[in-house]
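Here the structure comes first, spelled out in C-alpha cells, and everything after it is commentary.
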Amino acid sequence: MKIAIVGGGIGGLALALGLHQRGISCDVYETVPEVREIGVGITLLPHAMTELAALGVQAELEAQGIENLESVFFNRYGQFIYREPRGRHAGYAVPEVGIHRGKLHRALLHAVRQRLGDDRVHLNHRGVGIEQDESGATIAFQTAAGEPLPSVRADVVIACDGVNSALRRQFYPDEKVAFAGINTWRGVTVHRPILTGKSYVRIGSIETGKMVIYPIVDNVDGQGNQLINWVAEIRQEGAAMNDWNRPGDAADFIEIIKDWRFDWLDVPALIRGAREAFEYPMVDKDPIPRWTFGRLTLLGDAAHPMYPRGSNGSAQALIDARTLADQLAQGGDPRDALTRYEALRLAPTAKVVETNRTVPPDFIIMKADELSGGKPIEGSIDDLISQDELRRISDSYKTVAGFSLAALKK
Ligand SMILES: Cc1cc2nc3c(=O)[nH]c(=O)nc-3n(C[C@H](O)[C@H](O)[C@H](O)COP(=O)(O)OP(=O)(O)OC[C@H]3O[C@@H](n4cnc5c(N)ncnc54)[C@H](O)[C@@H]3O)c2cc1C
C-alpha cells in the first residue's frame, strides 16, 4: 500500500512514525524547502506525551524541554487565583513539558529520517490538489516557489497540511478561518526563572488582556537564566486579524499590560526584553461533518483547527495519528480504515474545538473576574470561590480534551 502524507508537521511526522511501527511504509511531502529551528514554545500535555512516548521520543523531548511542576492562575492585578500540580507531579505516568517548537519538530523529523530513510521525506513539495479514481489517487505538487513538480500516485492520501490546508479547501472551497477579534503576540525572552522556574503561568483574561508565560529552555546562557515563552492575547471588537507572517511588535499590545508590575514578575520588562516575537491571529474553524473523501482524509489542524487556549492541538493531532495508524494496520480496503478513523475522532475533536471557544482553562480567571466585578480581590480568592470549585473547572476541561488522570491511567 502506498500512503502519501501531505504536510510534515507534528501530525504528519507522528503518523509516519506510527505507520512505520506497524510495518506500513509511507512518504511525507512537506512544503518548506529546508527545515529551520524557528518559532517559539509549545506545551506537551500528558496525553501528547503519552503518544510521543509510544513513538519512542519522550526521553529526547524531556532532555530538551522543561518539565512543568505546576499551573498557576492570576488575575490582571497579579493576585493569586488557583494553582494545581501538573504532569508527573499530579500523578500522571508521563511529564508535562514546555519545549521549543523547533526542537520538537527536529526530534520528530530526525526519528522519521532515521527509521524510514532520508528518501521518505520530500521537502519543497506543496500539495495543491488531488484527483481520485477506482484504483488510486493522484496528488499534484508544486515547489514552495510555485513551480510544477511531477504528480504522485498513492492508494491513500492523508492531509496533514495544517490550519490553512490546501487539500481540505478542495472539499470545502468557500470555508474561511473563524476569527472572533482575538489577536495574539508570541515571543521568547532570556529571563531569570519565574516562580518555581517550572511554572506554567496564566495572567488575566482575553476580555481585558491575558498573558501565558512558561519556560522552555533551562540555563540558556550558562548563568542560570531560562528562555521564557510568552503569549499576549486580547479580544477587541472590530480588530483586524493579525498576520501569520509578520514579526510581532510590542508597541501593538504593550498598552494592555503596561501596569502589570507585580512583586513576583515585571511583565512589561519581560516583553521588552524579547529576543524574538511573532504576531498571530487566534483562529479556528467550525467543525465539519466529514474528513474522509474516498482515499483522502484530514488529520490534525487540517481536520479540526482549534483555539490554542488549552495547549491541546498537538495532542489531538498525535491521537489522530495513532488512531489512523491503528485502523490502517487492520488491513482490508484502506478507504474503510479512513472512514473508521473519522468515526472515532470527529466528534471528540469537535467537542474540544467548541470547549476551547467557550470554557477553556482560562475560564478560571474569567470566573474570578466575574466574582470580583473585575476589580482587585479584597482579601483572598477563597472568599469568592474555593480551590475545589476551580479545580472542577480545570478537571472538566481535562475530561473533554482527553487527559483526565482517570482516562490516561486506563
Ligand atoms: C499560537 C499557538 C500556540 C499553540 N500552543 C500549543 C501548545 O502549547 N500545545 C499544543 O499541544 N498545541 C499547541 N498549538 C497547536 C499545535 O501547534 C497544532 O495543533 C499542531 O501543530 C497541529 O499539527 P499539524 O501537523 O496538524 O499541523 P502543523 O504543525 O501546522 O503542520 C502542518 C505542516 O504542513 C505543512 N504544509 C502546509 N501546507 C502544505 C501543503 N499544501 N503541502 C505540503 N505541506 C504543507 C506546513 O509547512 C507544516 O509543516 C498551538 C497553536 C498555535 C497557533
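Every number here is computed from the coordinates shown, using simple stated rules; none is lab data. Please read all numbers here as calculations on a predicted model, not as lab measurements. All Cβ positions, even for glycine, are placed from backbone atoms using ideal geometry, and neighbour counts span all protein chains on display.
Taking the Cα of Gln223, stepping 7 Å toward and past its beta carbon, and measuring to each backbone N in segment 249-278: which are under 16 Å? Residues 270, 273-275 qualify, since their backbone N sits under 16 Å from the label point. Electrostatic tally near Asn124: other residues with Cβ closer than 12 Å to its Cβ, Lys and Arg +1, Asp and Glu -1, net -2.
Return the whole-Å distance between the Cα centroid of segment 159-174 and the Cα centroid of segment 213-243. Comparing the Cα centres of segment 159-174 and segment 213-243, I get a distance of 29 Å. When the label point is put 7 Å from the Cα of Lys375 along its Cα-to-beta-carbon vector, which residues of segment 60-86 have a backbone N closer than 18 Å? Residues passing the 18 Å test: 75-80. First check a/c for segment 24-73, with a ≥ b ≥ c the square roots of the eigenvalues of its C-alpha gyration tensor; if it is under 1.5, answer rounded, and if not, answer prolate when a/b is larger than b/c or oblate otherwise. In terms of gyration-tensor shape, oblate. Based on DSSP H segments of at least four residues, each scored -39500 (n - 2.57), the chain has a per-residue ellipticity at 222 nm of -9500 deg cm²/dmol. Can you bin the chain into rounded, prolate or oblate? Criterion: square roots of the alpha carbon gyration tensor eigenvalues sorted a ≥ b ≥ c, rounded for a/c under 1.5, prolate for a/b above b/c, oblate for the rest. Since a/c reaches 1.5 and a/b is larger than b/c, the shape of the chain is classed as prolate. Give the relative contact order (percent, whole number) for the chain; include only Cα pairs under 8 Å separated by 6+ residues. Once divided by the residue count of the chain, the mean separation gives 20 percent. Do you know the relative contact order of segment 16-92, to the nearest whole percent, from alpha carbon pairs under 8 angstrom that are 6+ apart? Across segment 16-92, relative contact order equals 19 percent.
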